[in-house]
């Protein structure tokens, strides 16, 4: 059973695709494409964390660790470091799957925790991954990281130092990520995640296994991070542990919070675009730009909360009894199906 997506969503995604394909024809400034590509990477990060935090209601403070796993997968599989040079699409798939495997390995023993305890565990996991990469020496390159990562080659088209191609590639991945996220949110998985987020006890009474669906949210969110990390590594052509500090996890979480914590993906994407590009727009102010950016971000959150009727969640939530009734109907349909 799949809820119909609004026409506005399809229209917004179609406009985004057209804008991504047309912008390089009119803009030649490489700096603009660099900033927008960086924002696109964080849109993917934020969409993944939105599944974990916004839909499933799990606070993950070590999310950037999955991006590190994806980035180092790309570095291992497409660089002279080990002499392996897999095709771009194979690298992306392996990076996403590997990040998901690590997410399941972390989540299975820890997702029985809730609240502050879970956030502390995930924060520790993020630091463990960073320190392991930092001290990996011959495996990970240690503090120097890994250089000379292969540029993407897609169906014979070889990417060069020009950033227009990366902007288009990352932008299309963002549109795909938002589309998949909205599909999941409106489907059976999304209903169960939101039911668990709103009232886990009521969801349990409807026969939902929380661990199973929390693990699913964790794994899918990690796929987003792993793919984005691989794209980041192949755009930068080098990677090091310093790129994956806890500050980055907090930044992605701030983007999701500014997006409303409602589980919707378009607001999160707009929030990521704002948070990443605004400091660059204020670069002329040099050392004062972050002082200016802080109050702007606080003001944006206040205005966002008022826009959503005084709630930072921004969710016009379906009453829990209706959500449980939907789950009950779907269980009956599953039982009646041959």
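With each run of n ≥ 4 DSSP H residues scored as -39500 (n - 2.57), what mean residue ellipticity at 222 nm is computed for the chain after dividing by its residue count and rounding to the nearest 500 deg cm²/dmol?
Theoretical 222 nm ellipticity from helices: -23000 deg cm²/dmol.
Just subtract the alpha-carbon distance of residue 11 and residue 113 from 0.36 nm times their residue separation and send over the number in nm, one decimal.
Details: separation 102, 0.36 × 102 = 36.72 nm, distance 4.01 nm.
So the chain would gain 32.7 nm between residue 11 and residue 113.
From least to most packed, judged by other beta carbons within 10 angstrom and beginning with the fewest, 278, 234 follow the order 278, 234.
Across 267, 87, 241, mean-square fluctuation computed from a Gaussian network of the chain (C-alpha pairs under 10 Å connected) peaks at 87. The C-alpha radius of gyration of segment 39-177, expressed as a fraction of 2.2 N^0.38 Å, stands at 1.14. Dividing the Cα radius of gyration of segment 1-105 by 2.2 N^0.38 Å, with N the residue count, gives 1.34.
Taking the fewest neighbouring Cβ atoms within 10 Å as the starting point, the ordered list for 38, 85 is 85, 38. Legend: ranking of residues 160, 245 from fewest to most surrounding C-beta atoms inside 10 Å; resulting order 160, 245. Computed on the chain, with alpha-carbon pairs under 8 angstrom and 6+ residues apart, the relative contact order is 32 percent.
Based on the reciprocal of the average 1/r between different C-alpha atoms, the Kirkwood radius for the chain equals 20.8 Å. Between residue 270 and residue 30, the modelled labels are 3.3 nm apart [label points 7 Å from Cα along Cα→Cβ].
Take the Cα radius of gyration of segment 108-202 and divide it by 2.2 N^0.38 Å, with N its residue count; two decimals is plenty. Before the final figure, lay out the partial values.
Values: Rg = 20.0 Å, N = 95, 2.2 N^0.38 = 12.4 Å.
For segment 108-202, the normalised Cα radius of gyration is 1.61.
Looking at the chain as a GNM with Cα springs under 10 Å, which of 248, 158, 147 has the largest mean-square fluctuation? In this elastic network of the chain, the residue with the biggest mean-square fluctuation among 248, 158, 147 is 158.
Here the Gaussian network model covers the chain, with springs between Cα atoms less than 10 Å apart; of 240, 143, 249, 143 fluctuates the most.
Any read-out appearing in this document is the output of simple, stated calculations on the displayed coordinates, not a laboratory observation. Since the model is a prediction, treat every value here as computed from it, not as a measurement. Note that we place each Cβ from the backbone using ideal geometry, even for glycine, and neighbour counts take in every protein chain shown.
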